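Structure first, commentary second.
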Amino acid sequence: MRLSRFATLTSALLLAAGAALFGAGQAAASAQADFGYVALGDSYSSGVGSGNYDSGSGDCKRTSRAYPALWAAAHSPQTFSFTACSGARTGDVLSGQLGPLNSGTDLVSITIGGNDAGFSDVMTTCVLQSESTCVSRVNQAKAYVDSTLPGQLDQVYNAISARAPAAHVVVLGYPRFYQLNGSCVAGLSEGERSAINGAADYLNAAIAKRAANHGFTFASVTSAFTGHEICSGSAWLHSLNWANIGESYHPTATGQSSGYLPVFTGKA
């Protein structure tokens, strides 16, 4: 009789444990099935420079070779909304990219701030004008990062939090462009390259601070691109390309898959 009662109790416990495990498995599967990911930002997120652009994305130049699309392909979220757009500034994110965000969004990625700080004009100035003019334009951009960009980032980050309050938000930075004393024998001076690298660090520090203040995760790509900058001999960034100016100073397909993607995956 005692053995029978013990066997009955044991069977009941095993059934309960099995039901609990099965239920947990169902919950985990359901959570995975309901996972939603939204990718926001500028050309570094849309994938400019990596080719194979989606014709339907027009001038935004989104591509399946960009880190958001690569991550989605590897992890199969139930919903994936890719609204990043080439040339985007903070105002463009606010006005045209936030639509897919909602209370069910679980993950958000974004690169933003470079265009607000005048990235394109800085590079144009440094390529076409003197070193002193280049350094002066870099300093002007850094002053903008101090005075104006933090408030613009706050507006974007506040809007993301308001629309997707439960989301894990990963804010990715920008790489340094140049390996100093590298293989380049022409083009910008070392002083110009150093100033541009310093500006990238300055911008990243400002973005990281604003992200942290909003409870977001900042993901630096500086280390990932170290050894793969322009002038490295193994660059994951396009140098100046007169035949396709828009792709200049953007990650190659390898820069997206071997630079940005592992960093994002580690923080997502």
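The helices (runs of 4 or more DSSP H) found wholly in region 46-165 include none carrying at least 3 residues that are touching a His at 6+ places or on another chain (Cβ under 6 Å), open to solvent by 30 Å² or more (accessible area, probe 1.4 Å) and of a type in the set (A, V, I, L, M, F, W, C). Within region 180-194, the only residue that satisfies the criterion of being buried (at least 22 other Cβ atoms within 10 Å of the Cβ) and either among the hydrophobic types (A, V, I, L, M, F, W, C) or not in a helix (DSSP H, G or I) (or both) is Leu188.
Kindly indicate the residue of region 219-232 that is assigned to a loop (DSSP other than H, G, I, E, B) and surrounded by fewer than 20 Cβ atoms within 10 Å (Cβ to Cβ) and also farthest from the chain's Cα centre (by Cα) among those meeting that condition. Lay out the reasoning, then the answer.
Taking region 219-232 as the starting set, the residues that turn out to be assigned to a loop (DSSP other than H, G, I, E, B) are 220-221, 226-229, 231-232.
Still in the list and also surrounded by fewer than 20 Cβ atoms within 10 Å (Cβ to Cβ): 220, 226-227, 232.
Numbers: Ser220: 9, Thr226: 17, Gly227: 20, Ser232: 23 Å.
So the residue we want is Ser232.
Checked against (1) in a helix (DSSP H, G or I); (2) at pLDDT 95 or above; (3) surrounded by fewer than 22 Cβ atoms within 10 Å (Cβ to Cβ), Tyr260 passes all but a single condition, namely (3). Screening region 233-246 for residues that are within 23 Å of Gly198 (Cβ to Cβ) and open to solvent by 30 Å² or more (accessible area, probe 1.4 Å) and picking the one that is farthest from the chain's Cα centre (by Cα) gives Gly233.
What residue, of Asn181, Asn244, Asn197, Asn204, is closer than 27 Å to Ala39 by Cα and free of Cβ contacts under 8 Å to residues at least 12 places away in the same chain?
Working: Asn181 fails: closer than 27 Å to Ala39 by Cα; Asn197 fails: free of Cβ contacts under 8 Å to residues at least 12 places away in the same chain; Asn204 fails: free of Cβ contacts under 8 Å to residues at least 12 places away in the same chain.
Every option except Asn244 fails the conditions.
Checked against (1) hydrophobic (A, V, I, L, M, F, W, C); (2) surrounded by fewer than 22 Cβ atoms within 10 Å (Cβ to Cβ); (3) part of a loop (DSSP other than H, G, I, E, B), Ala208 passes all but a single condition, namely (3).
Go over the candidates Thr83, Thr63, Thr79, Thr90 one by one and state the one that is at negative phi, β-branched (Val, Ile, Thr) and free of Cβ contacts under 8 Å to residues at least 24 places away in the same chain. Break it down into steps so the answer makes sense when it comes.
Working: Thr83 fails: free of Cβ contacts under 8 Å to residues at least 24 places away in the same chain; Thr79 fails: free of Cβ contacts under 8 Å to residues at least 24 places away in the same chain; Thr90 fails: free of Cβ contacts under 8 Å to residues at least 24 places away in the same chain.
Unique residue meeting the criteria: Thr63.
The values are calculated or read from the model by the stated rules, or taken from the named source; none is laboratory data. Note that the structure is a prediction, hence the values are computed from the model and not measured. Using ideal geometry, Cβ is built from the backbone for each residue, glycine included, and neighbour counts are taken over all protein chains shown. With ligands, DNA and RNA removed, areas are computed over all heavy atoms of the protein, side chains included. Shrake-Rupley method; radii C 1.70, N 1.55, O 1.52, S 1.80 Å.
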